[in-house]
Structures are given as C-alpha cells and as structure tokens.
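Below is one structure, written out as structure tokens; the observations come after it.
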Amino acid sequence: MTSLPAGIEARFHGLSRLIGNTPLLAVDYTFRGRQRRIFAKSENLNMTGSVKDRMALHLLRCAYERGTVQPGALIIEATSGNTGISLAAVGRALGHPVAIFMPDWMSTERVNLLRSFGASIHPVSREDGGFFGSIEKAEELARETPGSFLPGQFANEDNCETHETLTGPEIHYQLDSHDLKPDAFVAGVGTGGTVMGVGRYLRSRHPDVTIHPLEPSNSPTLRTGCRVGQHRIQGVSDEFIPSIVDLSELHEIVDVDDGDAILMAQKLATDVGLGVGISSGANFIGAAMLQDQLGSDAVVVTLFPDDNKKYLSTDLMHDEPSKPDHLAPHLELHGFTAFNRVCRICNESEEWLRMMRIPGSEPGPAAS
Ligand code: PMP
C-alpha cells in the first residue's frame, strides 16, 4: 500500500466528512390494517445526492493506495448517471479531469449536473450500443490515454468493498444502538455493489439475515441475464448482470413495477417530505413486500439511493396511473424518525479512520 501524495490525504479527509455515515430513517406506515416500520439509509444526503459518492470516494482512495492512479490523471467511466456525477464531483475535488460515457436517454438533469462539474460527456445512442457501447467506448479511450484511470464499477470489487466496509457496518451499528437486528435487506441492483457489499457484512454479523436484490418487473435483467423491456427506474437493471454480482450469495429476487416505484417515491415526498428518487420508491415497495411475507414486526432494511432533484423532467413529476397490483396506493405513510449517524468523534483516531481504509475493520457505536 502506497502512502497518499501530500495534499491528497487532506482532500480525502475533507470529502469523507461530506460522504457516507448517513442517518438511518425509521419510516412508519400502515398496510393491510397493520402499523409497520421500514428502515432506510438516507443516501440522498451524500455530497452530490446519491449513494454513488461513497463508491467514487472509496474506489479512488483504493486506487491511490495501490498506486494505480496518479494526481491529475484523467478518470474515464461508463455510467447511467449517478456514478458519473459522483466521479465528476469527487474527481474534481481531488484535482482530476473526468470523461463520462453514457446512454443518450438519461435525464437532462443528470447531463447538466455532469456538465456543471466540468466533466466531458460522451452520449452513446441505442444504435451505437447504448450501455454496452458506453462501456466499450470508455475502455477504448482508456487504452488510448496513457496514465488514465478507468474505475470499471461493474467489475471492480472495490465497489462491493465500499458497502462491506462502510454502509453495512453503519446499518449494523445504527440498528444495534436500538437493540435491533436486521431480518432482511433489499436493494435495487445497478452494479450490484450495494446489495453484495452490505449483504456480505450483514451476513457476517447476522447469519440468518436474508439479502434480496431488486429489479423492475417490467425489465427483469437478473432473471433473464439480459434486458427484455423498458423501465423507468434509472440507475438499476442496466441490460446485463454485472460480474461483481453473485446471485448464489443472495436470496430471492424482488420484482417491483416501475409505476409502483414512481407512485411510492411521489408519496414519500408529498406525504412525509422525503424527496427521494424513483429507485428509492422501488426499494421501499420491495421492503414492504418482504415485510408482508416475514411479519409486520420484521426488521427490514433498505436505502434511498438518491434524491428527487434529478427527476424533475421525468414521469416522477407527472400523474402516474395506478394499476390493480400496485402496492403504493395501499400504503399509508405516517412519518419518520432518524437514527443517529455512527459517532465519528469518539472513533476518529482509531476505528473509524481504520475502517475508511481497511476491509473488515469497523466503526464504533452510533452516537447517543
Ligand atoms: N439507484 C440509483 C438511483 C442508482 O444510481 C444506483 C447506481 N447505479 C442504484 C440504485 C443501484 O446501486 P448499485 O450500483 O450499488 O447496485
């Protein structure tokens, strides 16, 4: 492991204050006449408003420590949006130029945000290969650009490690500080880094916890191995099963209709003031489905991967017709409380900083 160049360490430290260690929300609702509660990590509160800030920071830190990225190197990535925004912001904060390849059908807010962080954007049409085309073209530019860094989020184990060493321990300690243990965790799969990493950590602490990947029922990539339809849950189900996803480590796949996800995200904002994105609505529906199977007292945990600001030009802002099998119209939200972030001050010198770098090390208890 290489020590970090002078100045870069301080920048990482600054970024670590703006990324991760999010509150765990306890959202209260009624379904089928029973009062229930679902736990969700508020990843919308990260620096650029998404869970991907965690991955961008961790991947770059690992790359610096291994000496595979040098100060000022061009960062190149293929991404459907949030990863690009995170890499663009974190990359700029560390002094890197960033080039992003993405399908040309992503929301205009995403494209404009990338632009605002000074990234160069390379849109790829369906005819030019869409998502696969973006990956190929990113790899091509990386081959042609000596010294460039290609994070390769779909195949990079550091992506899973982000959640195994940070998000997973946070969930464990936040629940533990309220004497709770997780029964199930569910998360929509884009790269799969979240579900694989959180799953590995939670299983190491709670062998009986079940870990569920979630995908849109309108376009089930995990069930089919390829993209079969269209869906509106940006950030998940990207046409193929990423190599970091090992379905044998996971429990049943949860399927959620994209319209139901939209209705749920709308409801979280209008009824309880949680302005979250469409995949957050999907995750909440998936968690409610699991809780309905496991029992209304089951501790089911998920996350809100991003905020709603990137979806202001999408169907999230339109009236969504409800279908007979939708769950969102039957869930009544009552409000939420927030469990504390894990205490960084008490653990600053030892555990927390160790956890920022070394897989397997852990933070201390949640602040009281
Ligand atoms: N929701 C949104 C909005 C995302 O951007 C992503 C990341 N692509 C996910 C969910 C899925 O996260 P992961 O890549 O860790 O599977």
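The numbers here are math on the coordinates, done by the rules we state, and not lab data. This one's a predicted model, so the numbers in the text were calculated from it and none came from an experiment. All Cβ positions, even for glycine, are placed from backbone atoms using ideal geometry, and neighbour counts span all protein chains on display.
For the reader, a short list of remarks on this structure follows.
- Dimensionless Rg over Rh [the range 227-272; C-alpha; Kirkwood]: 1.06
- Estimated vicinal HN-Hα couplings, Hz - the range 106-119 in sequence order (Karplus 6.51, -1.76, 1.60; Gly, Pro = x): 6, 4, 5, 4, 5, 5, 5, 5, 4, 4, 4, 8, x, 6
- Entries in Lys181/Lys323; Lys41/Lys267; Lys41/Lys137; Lys137/Lys267; Lys267/Lys310; Lys52/Lys323 that, when Cα-Cα distance is taken, lie over 27 Å: Lys181/Lys323; Lys41/Lys137; Lys137/Lys267; Lys52/Lys323
- Each DSSP beta bridge with both residues in the range 52-144 is either parallel or antiparallel, and the antiparallel ones are about 0%.
- Protection-proxy order for peptides 178-186, 262-270, each taking the mean of Cβ atoms within 10 Å per residue, highest first: 262-270, 178-186
- Protection proxy ranking for 208-218, 278-288, using the average of other Cβ atoms within 10 Å per residue and placing the highest first: 278-288, 208-218.
- For the chain, the fraction of C-alpha pairs more than 28 angstrom apart is 40%.
- Between the range 235-289 and the range 26-70, the Cα center-to-center distance that results, in Å: 14
- Rg to Rh quotient for the range 52-144, alpha carbon positions, Kirkwood Rh: 0.96
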